[in-house]
Amino acid sequence: MKKFIYIFFAFSIISTSCTKEEGCTDSFATNFNIDAENDDGSCEFGVAGGSWLTQSITTTGSMSVTFGGFPVLDSTINYIETNPDSLDPYKLTMTENGSYTQYDVANNPVEGGTWSVAGNLLTLNTPDTILVLTVNSIDRDNVSLSLNIIESESEMGMEINYDVTSTISSLREW
């Protein structure tokens with residue numbers, strides 16, 4: 001009986017010492033585990049690191065204009081922009097210290113500011129406004145961000161109403 005117990009403990013020790021630690025093995029991930037030998041699919045990624053190159057901007061929504069209470073314009077907006085010269089932002093570089101730089105298609109810096117993330121909301125503090133975008137999805141190489149603009153304004157007796165959502169799809173360049 002003692003031999004059986006010794007063999008059982010020896011086998012348990014050997015099999016336990018042979019198991020490899022699992023975790024995130026991607027060094028670009030926010031939860032990278034340097035000790036992990038087997039990737040368990042748990043990697044999480046943030047917006048910082050590399051540069052985000054915009055591939056397309058999909059804009060949907062509506063705009064209406066009334067004059068003296070009478071409808072003048074009631075329009076639905078639905079288009080996808082993929083021309084690099086028309087994509088704004090074209091390229092965003094987000095650093096770990098909370099600053100960002102926006103570049104045009106010729107790789108010239110256009111503006112810079114600060115950024116922060118709370119939950120799935122990305123806040124960009126630009127030189128002239130604050131933008132709050134929703135992070136729809138993010139992985140190692142792709143991000144989808146949405147910006148919703150709901151505005152009403154009056155001008156020369158006209159009431160103008162906007163309800164537009166722009167979804168930005170970008171690839172990360174490491």
inquiry  = List the residue pairs whose Cβ atoms are under 7 Å apart, where the first residue sits in the range 115-134 and is free of Cβ contacts under 8 Å to residues at least 24 places away in the same chain and in the same structural domain as Asp88 (by TED's automatic domain parsing), the second is among the acidic types (Asp, Glu) and part of a strand (DSSP E or B), and the two are 6 or more positions apart or on different chains.
reply    = Thr126/Glu111; Pro127/Glu111
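One line per residue, one yes/no per condition, for (1) acidic (Asp, Glu); (2) under 17 Å from the mean Cα position of the chain (by Cα); (3) in the same structural domain as Ile138 (by TED's automatic domain parsing); (4) at pLDDT 95 or above:
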position: Ser27; (1), (2), (3), (4): no, no, no, no
position: Thr30; (1), (2), (3), (4): no, yes, no, no
position: Phe45; (1), (2), (3), (4): no, yes, no, yes
position: Ser56; (1), (2), (3), (4): no, yes, yes, yes
position: Thr60; (1), (2), (3), (4): no, no, yes, yes
position: Val65; (1), (2), (3), (4): no, no, yes, yes
position: Gly68; (1), (2), (3), (4): no, no, yes, no
position: Ile77; (1), (2), (3), (4): no, no, yes, yes
position: Ile80; (1), (2), (3), (4): no, no, yes, yes
inquiry  = Taking the criterion of being assigned to a loop (DSSP other than H, G, I, E, B), touching a residue at least 24 places away in the same chain (Cβ under 8 Å) and loosely packed, with under 13 Cβ neighbours inside 10 Å, would at least one residue in the range 65-73 satisfy it?
reply    = yes
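The values are calculated or read from the model by the stated rules, or taken from the named source; none is laboratory data. A quick note: this is a predicted structure, and the numbers were derived from the prediction, not measured. Glycine gets a Cβ as well: all are built from the backbone with ideal geometry, and neighbour counts include every protein chain shown.
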